[in-house]
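The values are calculated or read from the model by the stated rules, or taken from the named source; none is laboratory data. Because the structure is predicted, anything quoted here is derived from the model rather than measured. Cβ coordinates were reconstructed from backbone atoms using ideal geometry, including for glycine residues, and neighbour counts include every protein chain displayed. The area values use the complete protein model at the heavy-atom level, side chains included, leaving out ligands, DNA and RNA. Shrake-Rupley method; radii C 1.70, N 1.55, O 1.52, S 1.80 Å.
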Amino acid sequence: MDKIALFFGPLNGSVHHAAKIVAQEFGEENIDLIPVSQASINDLNKYGKIIFGISTVGKDTWDQEFTNTDWAEFFPVVRDFDFSTKKVALFGLGDHITYAYHFVDSMGLLAKIILKNKGTLIGKTSPEGYNFQDSEALKDGLFLGLPLDEDYEKDLTPERVKAWVAQLKSEF
Ligand SMILES: Cc1cc2nc3c(=O)[nH]c(=O)nc-3n(C[C@H](O)[C@H](O)[C@H](O)COP(=O)(O)O)c2cc1C
């Protein structure tokens, strides 16, 4: 199997924690974990199989294009990148209680950029089993990636990741 690149940010929070679980499920030898704060266009060029891990920390932050986050420098690179030769999957961290109307919005916004830039998006999931009001990550009745909620549904993360990685193994 070609190695997968898992780009994630920020460091040391829930996204990082989830990234490690995803890597364990794939087998750590099959995946390179790359913090977005250290990632470059060369890293995107190098891999055909890509996973992005991102959290939503408010629409205002997204509108400012992550000026104060780990994504600040890498986001413009992703926004302008041609993904036509890439298979891409995303997972998103959010909080379905406090931010029920913007649940994992950033994952959706990022997924839509990948689609616009001609990437093949894999790893879509059913919203069944999630409680929320609205999300930018929903399209045609499916989430454009895997939502995870470490704030209120921490217990569900391992099984959600396990099922998703099994799905990705057949879609990559
Ligand atoms: C200021 C702030 C704004 C947030 N906004 C959203 C939001 O709009 N939608 C959502 O689903 N979660 C939101 N969250 C919840 C985070 O996405 C969640 O806590 C996540 O696990 C953080 O992961 P990280 O520590 O790796 O960044 C917000 C959290 C904070 C602190």
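Worth pointing out:
- Between the amide H of I31 and those of I4, distances stay under 5 Å, these residues lying 5 or more places away or on another chain, with hydrogens modeled in the peptide plane.
- Solvent accessible area, Å² - K20, 1.4 Å probe, full protein context: 100
- Solvent-accessible area per residue in the chain equals 48 Å², computed with a 1.4 angstrom probe and all protein chains kept.
- Each label point was placed 7 Å from the Cα along the Cα-to-Cβ direction; for T85 and D32 their separation is 1.5 nm.
- Considering all different alpha carbon pairs of the chain, the Kirkwood hydrodynamic radius works out to 15.7 Å.
- Under-5 Å amide H pairs with L148, H placed in peptide plane, nonlocal only: G92, L93, G94
- Carbon/sulfur fraction of accessible area - the chain, other protein chains in place, 1.4 Å, %: 47
- Accessible area (Å², 1.4 Å probe, nearest 10) - E171: 60
- Accessible heavy-atom area order of S106, S14, S170, highest first, probe of 1.4 Å: S170, S14, S106
- Whole-Hz ³J(HN,Hα) from phi, Karplus 6.51 cos²θ - 1.76 cosθ + 1.60, for the range 17-34, glycine and proline x: 4, 5, 4, 5, 5, 4, 4, 4, 5, 6, x, 4, 6, 9, 9, 9, 8, 10
- Reference-scaled alpha-carbon Rg (2.2 N^0.38 Å with N residues) for the range 85-153: 1.05
- When nucleic acids and ligands are ignored and a 1.4 Å probe is applied, R79 ends up with an accessible area of around 80 Å².
- The listed residues D2, D95, D134, D32 rank as D2, D134, D32, D95 when sorted by accessible area, largest first, using a 1.4 Å probe.
- Bridging of K49 to aspartates and glutamates at a Cα separation below 20 Å is possible for D2, E25, E28, E29, D32, D80, D82, E171, once same-chain residues fewer than 8 apart are set aside.
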